[in-house]
Each structure stands twice: as C-alpha cells, then as structure tokens.
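Have a look at the structure below before the remarks.
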C-alpha cells in the first residue's frame with residue numbers, strides 16, 4: 001500500500017489526523033471522525049474507541065467489526081456504535097481473543113490512572129509478596145520477596161524472606177485471600193516461621209496502612225568481589241523513565257569501580273518504558289548508534305504507512321545520550337561496553353525486560369539463571385481523544401492503552417510466547433529467601449559459580465519438601481501489570 005501526502009488532505013479544507021505520541025507522560029492519539037461523515041446521536045466515547053482501534057490496534061485485521069466494509073456507511077456505523085451502552089464492554093468486544101491472546105489492552109475513564117500507572121504510583125504498603133498453598137489444604141501463607149525503601153512495610157520492619165499466615169487474625173485461604181490482602185488499606189499481618197516441615201504463626205504481628213507512593217525500581221546496586229573479578233550487581237524492578245538519570249548514575253558507579261562483569265537481576269521486573277530499555281541496553285553494551293537494538297511490527301495498515309513514508313522509524317538503535325526533558329538537559333550515557341551479561345529471570349520477568357534480553361542477544365553472550373520469562377513481546381500506546389487545537393475533548397474523559405506493536409530484535413526474533421529459557425534452571429527457595437547480594441542466595445549463587453568457572457549444581461530447595469503450590473502474587477494485582485509501552489513521536493492519518 002502506498003500512501004501519498006495528498007491522501008492526508010481529506011474532506012475539504014479540514015485536515016483531521018491522528019497524532020501518535022509515544023511518550024511515557026504525554027502519549028496521545030487524535031481519533032476524530034471525518035467531518036463529512038454525519039453520525040447522529042452516537043456515543044462520543046464509542047466513536048473514539050472505534051476509530052482509534054481501527055487505525056492502530058495490532059490485531060485490527062483479525063477483528064471483523066473493525067474491517068467490515070459495511071461500517072464505511074455512516075448509518076450502519078451509527079447503528080453499530082449505538083448498540084453498546086457500556087464503553088468498557090464495547091472496547092473489550094473489539095479486542096483479539098481478549099484475556100487469552102490480548103491480555104493487556106485496557107480502557108480507563110480518567111487519564112490520571114494511566115499517568116500513575118506509567119510512573120509507578122499507587123496506593124501500596126510497599127512490599128511485594130507471593131502466596132502459596134500449604135500442602136493439600138486450602139490454607140495459604142505468604143512470603144515477602146522485597147520491600148520498597150521508606151514504605152509503610154519498610155518502616156514496620158518487614159524484610160525479604162518474612163512469612164505470614166493471617167490477616168486481621170484470620171487464616172489466609174484460597175477463598176478469602178483476595179478480600180483480606182487486596183481490598184483493605186489497613187490490616188495486621190500475623191507473621192510465621194518454618195519448623196521442620198511445618199509453617200505456623202510465631203506470635204509476631206505487624207500493622208500497616210497503605211499510602212500513595214512511587215516505587216523506585218532500583219532496589220539494590222553494589223559491587224561484589226567474585227574470585228579475581230569485580231562484579232556489578234543490580235536489582236532492577238521496573239523500566240520507569242522517571243529514574244533514568246539515577247540508573248545512569250548507577251552505571252557511573254560501576255565504571256568508577258572498574259567492574260569486570262555485570263549481573264542484572266530482573267526476577268521481579270514486569271517491564272515498562274521501551275525508551276528506558278534502550279538506555280539500559282546502551283549502558284550495558286555501548287553507545288553503538290549505528291546498530292539496531294529492536295524493530296517494530298505494526299498492523300498491515302500502519303506498517304505499510306511507515307514503510308512508504310519513513311521506513312527508518314521502524315527500527316531503533318542503541319543511543320549515546322538520555323534525551324532532554326522539560327526539566328533536565330540531554331545526558332551522556334555511562335556505557336560499560338561489556339562483552340557479556342549475566343541475568344536472573346523468573347516468570348515475573350516480562351515485557352521490556354524480555355525486550356532488553358532479546359535485543360542484546362545478537363551482540364553479546366547472555367547467561368540466564370532462574371526460570372522461563374513471561375513471554376510478552378508486544379507493546380502499547382496511550383490514546384486520548386484530542387481536538388484539532390491540541391486539547392483533549394472535554395466531553396470524552398476516556399483514555400485507552402491498546403496493544404499496537406510487536407517488538408523484535410535485529411535478527412527478527414519475536415513471538416516468544418513461552419518466554420525466554422534460562423541457561424541454568426532453578427527456582428527461588430521461597431521459605432528460605434536470603435537477602436539480595438548474599439553469595440548463597442539461591443538464584444545468585446549459580447551466577448557467581450559460572451563467573452568463577454565452577455561447576456553448576458542443582459540443589460534441593462527447602463520449600464520443595466513442604467509440598468507447596470503457588471496461588472497468586474501481589475504483582476498480578478497491580479494496575480495493569482507486565483507493561484511495555486513505546487516512546488516515540490509518530491504521525492499517521494486515520495485509516
């Protein structure tokens with residue numbers, strides 16, 4: 001399909017176009033109905049949803065309602081748009097195998113929700129945990145995976161590895177855990193301990209109240225001495241652009257320490273900004289601005305448009321600086337120029353984390369320890385209902401975050417639906433979690449052994465002896481988990 005610039009001038013003297021802004025705080029797309037199409041008494045919101053998805057949605061060509069030629073008729077489209085009274089139901093009706101293939105696109109009626117989501121702001125007690133069934137019973141216990149510094153949990157003395165069994169003196173079960181843990185802003189935990197093959201409360205209680213906080217994704221950075229090597233160790237839990245400069249400072253520390261190797265701990269990193277992933281990749285590999293870090297694959301219409309107008313925009317290279325913002329100047333990347341990388345992964349490692357690993361794989365050996373990653377290789381954008389004068393339509397408060405692009409590396413590798421497989425497979429010992437950076441910590445030790453050239457050995461996990469079975473974790477209850485969104489300015493006419 002070849003689209004000429006004259007095709008943008010449509011419907012008389014009025015030029016209506018979509019502005020697709022791939023930016024973590026100002027992602028917007030105009031979705032105006034052409035002025036020569038009269039749609040009487042239709043929902044503004046439904047019209048916005050329909051035109052936005054029809055143009056940009058990744059699986060648009062698999063949705064009959066978005067491709068049917070009968071909806072080119074104004075009256076037919078009008079009747080269809082009016083057949084839905086609930087915008088949420090209308091939105092999900094247009095998604096491809098909703099909750100099976102497309103598990104990530106969403107619609108909200110308040111733009112603040114998306115702003116907070118992108119910035120990692122939420123009401124939280126500031127601790128991440130997983131829940132497991134105890135044996136064959138319906139009883140459940142939780143274990144703390146990490147705690148945000150300065151959070152209510154941190155101030156209450158909660159630490160990684162702590163166990164708990166009760167909330168407000170009620171035993172947690174597979175039936176009540178959601179209500180107890182995810183629908184209360186204040187509660188008291190009854191902490192627990194393991195004795196032999198038994199988990200039981202130990203008399204300690206902790207009371208916490210949720211607050212609005214922004215999680216700092218840089219949980220830990222340090223330099224370890226491993227044999228004759230200086231090894232940088234970074235626990236990084238989210239690709240949040242608000243912390244790009246702080247992340248760059250961490251790499252300056254690593255440079256100043258003259259580290260030989262880097263261990264990137266992404267075991268709880270559910271993703272985030274593609275731009276931040278590009279920065280981190282450049283900090284690790286180098287500022288090789290002529291080399292492709294990742295490529296983008298859109299639906300046929302959008303792909304054809306960019307191929308005919310700006311094919312270079314479909315790939316992104318490593319970069320030499322962090323882009324300037326309204327408050328900070330452009331900042332040079334502190335690159336380590338590493339020849340190899342060590343990564344710790346779990347099923348919580350998703351989206352932008354997988355992009356980082358996949359994008360670096362063509363350039364440097366990556367030794368992965370842990371379990372399979374999540375398998376999310378698609379990214380979204382934020383679409384608002386913009387007026388032609390640059391303001392948001394005051395009659396339409398809705399904002400959507402649809403999946404629009406498939407991400408591949410420079411060799412075209414994508415579609416890793418079953419995740420990225422580790423080189424050495426091992427799970428966390430959930431009832432024996434050691435602090436991050438401890439050389440005997442279950443997932444870190446194999447990496448340190450690999451660096452020293454020692455044989456890798458499978459170990460018997462204490463948790464395996466207790467007959468535990470995973471139930472749920474707190475990350476799954478965050479607003480719209482396992483995210484990846486693009487950060488580029490792109491302009492495209494409506495389909």
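The values are calculated or read from the model by the stated rules, or taken from the named source; none is laboratory data. Since we're looking at a predicted model, the values are computed, not measured. Because the Cβ atoms are built from the backbone with ideal geometry, glycine has one as well, and the counts that use them run over all protein chains shown.
Please work out if residue 90 is at pLDDT 90 or above, within 19 Å of residue 43 (Cβ to Cβ) and over 18 Å from the mean Cα position of the chain (by Cα).
When the stated conditions are applied, residue 90 passes them.
Can you pull out every residue in the range 410-439 that is at pLDDT 95 or above and over 25 Å from the mean Cα position of the chain (by Cα)?
Within the range 410-439, 434, 438, 439 meet the criteria.
Each row is one residue, and each column tells you yes or no for (1) in the same structural domain as residue 201 (by TED's automatic domain parsing); (2) surrounded by fewer than 16 Cβ atoms within 10 Å (Cβ to Cβ); (3) free of Cβ contacts under 8 Å to residues at least 40 places away in the same chain; (4) over 24 Å from residue 492 (Cα atoms).
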{"position": "63", "(1), (2), (3), (4)": "no, no, yes, no"}
{"position": "70", "(1), (2), (3), (4)": "no, yes, yes, no"}
{"position": "81", "(1), (2), (3), (4)": "no, no, no, no"}
{"position": "87", "(1), (2), (3), (4)": "no, no, no, yes"}
{"position": "115", "(1), (2), (3), (4)": "no, no, no, no"}
{"position": "128", "(1), (2), (3), (4)": "yes, no, no, yes"}
{"position": "137", "(1), (2), (3), (4)": "yes, yes, yes, yes"}
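Quick check on residue 435: is it more than 22 Å from residue 293 (Cβ to Cβ), surrounded by fewer than 17 Cβ atoms within 10 Å (Cβ to Cβ) and in the same structural domain as residue 233 (by TED's automatic domain parsing)?
yes
Has the range 445-452 got at least one residue that is in a loop (DSSP other than H, G, I, E, B), touching a strand residue (DSSP E or B) at 6+ places or on another chain (Cβ under 7 Å) and touching a residue at least 40 places away in the same chain (Cβ under 8 Å)?
Among the residues of the range 445-452, not one is in a loop (DSSP other than H, G, I, E, B), touching a strand residue (DSSP E or B) at 6+ places or on another chain (Cβ under 7 Å) and touching a residue at least 40 places away in the same chain (Cβ under 8 Å), which makes the answer no.
Out of 359, 370, which single residue is buried (at least 17 other Cβ atoms within 10 Å of the Cβ) and in contact with a helix residue (DSSP H, G or I) (Cβ under 7 Å, 6 or more places away or on another chain)?
Just a single option satisfies the conditions, and that option is 359.
Looking at the range 371-408, which of the residues that are part of a loop (DSSP other than H, G, I, E, B) and within 16 Å of residue 420 (Cβ to Cβ) is farthest from the chain's Cα centre (by Cα)?
Going through the qualifying residues, I end up with 371.
Quick one: would you say residue 137 is in a loop (DSSP other than H, G, I, E, B) and at pLDDT below 95?
Yes: the conditions hold for residue 137.
Looking at residue 181, is it within 27 Å of the chain's Cα centre (by Cα) and closer than 21 Å to residue 431 by Cα?
yes
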